[in-house]
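Below: the structure, in structure tokens.
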Amino acid sequence: MKILISGAGVAGLACARELGVRGHDVTLVEQAPGLRLTGTPIDIRGAAIEAVAAMGLLPEIRRRRVRMSERTWFVDSAGEPVARMPMAAVSDSADDIELLREDLIRILADALPAATAPATPPATAPATAPATAPTIRFGDAIVAISEEPDGVDIRFVSGLAGRYDLVLGADGQHSAVRRLVFGPDGDHLRHLGVYFALADHPAEADSEGPNSLYNVPRRMAGLFRYGGRAVAVFQFRSERLDFDHRDLDAQKRILADAFAGFRSWRIPELLDAARADPAFYLTAASQVHLPAWHRGRVALVGDAGYCPAFLSGRGTSLALLGARFLAEELDRRGPGPDPAPGHSEAFARYEARLRPHVTRAQDRVHGGRDRMLPESWGDIAARNKALRALDTPDRL
Ligand SMILES: Cc1cc2nc3c(=O)[nH]c(=O)nc-3n(C[C@H](O)[C@H](O)[C@H](O)COP(=O)(O)OP(=O)(O)OC[C@H]3O[C@@H](n4cnc5c(N)ncnc54)[C@H](O)[C@@H]3O)c2cc1C
């Protein structure tokens, strides 16, 4: 089938890989000029570990494993460790794999099938279609989707147009495909009252030390070091803010305003790093809730359809699992002379398999917010005390 995927993040690349190896003719459009490699380490958990194993990616993912959360401390204003990240509360099991988002994106991109069409056709028809190399187009995005009885007509920002059998929206929390096909963000995005920001801090790249998180009421600033780089991270509680997701200066101002008046620990220095970073990233902790993730020939995968919010630590796992389930279901053959099942049934089975995983992930988000962003100085002290009581003495 001729399949268009919007978004080359975790979900989009995983879909392109899984559909390409099954012989589908895949085009991937990504609005950024290249792969977006920023991001703190992410987690692969539970059933998603089986999914990446089935995709043949587990050995490389394990090789790239980091243990950042285990090296993370809450610190006081003098930088002294006061409590440690509770691993039992943030992980599902000891099998969880933490790795740099950048590494996962590269692993998925490297795993895209290359053109493998044989020079001469085989004498007998192969049991499965040969893998097909996806086409990736950067700096382009869908502007219009029109479903016809035998395909979907697409117009792109670039002026290009095309007809596809299926369209997959893997374009993240603020999915354009979702907006165009399922309606405005306001109908589906649930803001959880928290924002997250991330900026490179090159001046600290060669420094040593644990990863530090520092709280003031309703806010957290931190410094993480991994893979030879350092990043400043921020979280803060806030009502929903309206801003243009393409306006970086506006986003940097939002962060500066959120921390205005707080100058303890390294907050001013970390804000300076944010101001200087051209790849600064700000996002809301929002969940996406939709009664169905497919309509006609269009389906959503990853954050676009069922973002659990970064506070859950499960968005990447759902994206990988969703891509795998979707590809398997589109590929499933029934009995009979014309066994290819319709896309509607395949989309429905994809959703039925994944829904319980999504519900569990979305339900588990609130503990993360209360732990990371206590409301008052008293709550911060109480959180630290409770974490110390949980920790083993040799780790304190
Ligand atoms: C730059 C970046 C940094 C991140 N950092 C973190 C982090 O530090 N911690 C964390 O927990 N999660 C982070 N995330 C989110 C995390 O990667 C996802 O929650 C999770 O992996 C699910 O992946 P996804 O593919 O559904 O969404 P995403 O990883 O968000 O990927 C969506 C992709 O779609 C592209 N896109 C968006 N709109 C369009 C459009 N209209 N047309 C075409 N392409 C479009 C985006 O540029 C992006 O490449 C980050 C995401 C990005 C994009």
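Coordinate-derived values only; no laboratory data. Here the structure is a predicted model, which is why all the values come from computation and not from measurement. Neighbour counts are summed over all protein chains in view; Cβ atoms, including those assigned to glycine, are modelled from backbone coordinates with ideal geometry.
Projecting the Cα positions of G342, A11, G227 onto the charge dipole of the chain (unit charges on Cβ atoms of Lys, Arg, Asp and Glu, taken about the Cα centre) puts G227 furthest along the positive direction.
Expressed as a fraction of 2.2 N^0.38 Å, the value expected for a compact globular protein of N residues, the C-alpha radius of gyration of segment 235-292 is 1.31. In plain terms, the chain from R229 to H366 could stretch by 46.3 nm, reckoned as 0.36 nm per residue minus the Cα-Cα distance.
Here the dipole of the chain is about 560 debye; that uses its Cα centre as origin and unit charges on the Cβ of Lys and Arg (positive) and Asp and Glu (negative). What the Kirkwood sum gives for segment 147-204 is a hydrodynamic radius of 14.7 Å, with every pair of different alpha carbons counted. Size descriptors for segment 290-379: radius of gyration and Dmax over Cα atoms are 17.2, 70 Å. Quarter the surface of the alpha carbon convex hull of the chain and you get the mean projected area, 21.1 square nanometres.
A Förster distance of 56 Å, applied to the separation of the beta-carbon atoms of A203 and R332, puts the FRET efficiency at 0.60.
Using the Cβ-Cβ distance between A114 and A161 with R0 set to 30 Å, the FRET efficiency works out to roughly 0.65.
Taking the centroid of alpha carbons for each part, segment 4-41 and segment 129-166 are 13 Å apart. For D165, what charge total do you get from the other residues with a beta carbon under 10 Å from its beta carbon, if Lys and Arg give +1 and Asp and Glu give -1? Taking every Cβ under 10 Å from that of D165, the sum is +1. Once backbone amide H atoms are built at 1.01 Å from N, Y281 has L198 as its partners under 5 Å, excluding neighbours fewer than 5 places away on the same chain. Of the Cα atoms belonging to segment 205-362, the radius of gyration and Dmax stand at 20.9, 71 Å.
How far is helix 315-331 tilted off the main Cα axis of the chain, in degrees rounded to 10, range 0 to 90? It works out to around 10 degrees. Computed from the Cβ-Cβ distance with R0 of 30 Å, the FRET efficiency linking K2 to T359 stands at 0.40. For segment 195-298, the Kirkwood radius over C-alpha pairs fed into Stokes-Einstein at 37 °C and 0.692 mPa s yields D = 219 µm² per second. For A83, the amide hydrogen comes within under 5 Å of the amide hydrogens of F74, counting only partners 5 or more places away or on other chains and with H modelled in the peptide plane. Evaluating 6.51 cos²θ - 1.76 cosθ + 1.60 at θ = phi - 60° for every residue in segment 7-17, the Karplus couplings come out as x, 10, x, 4, 5, x, 5, 5, 5, 4, 5 Hz, glycine and proline recorded as x.
Taken along the Cα-to-beta-carbon direction at a fixed 7 Å, the label points for S344 and A389 span 5.6 nm. Using θ = phi - 60° in the Karplus curve 6.51 cos²θ - 1.76 cosθ + 1.60, the 3J(HN,Hα) couplings for segment 140-151 round to 9, 7, 6, 10, 8, 10, 9, 8, 10, x, 10, x Hz; x is entered for Gly and Pro. Each of R63 and H289 was given a label point 7 Å from its Cα along the Cα-to-Cβ line. The distance between the two points is 4.3 nm. Within segment 1-101, the percentage of alpha carbon pairs spaced more than 23 angstrom apart rounds to 44%. Working note: Karplus 6.51/-1.76/1.60 with θ = phi - 60° gives segment 214-219 the couplings 10, 9, 10, x, 6, 9 Hz, where Gly and Pro are set to x.
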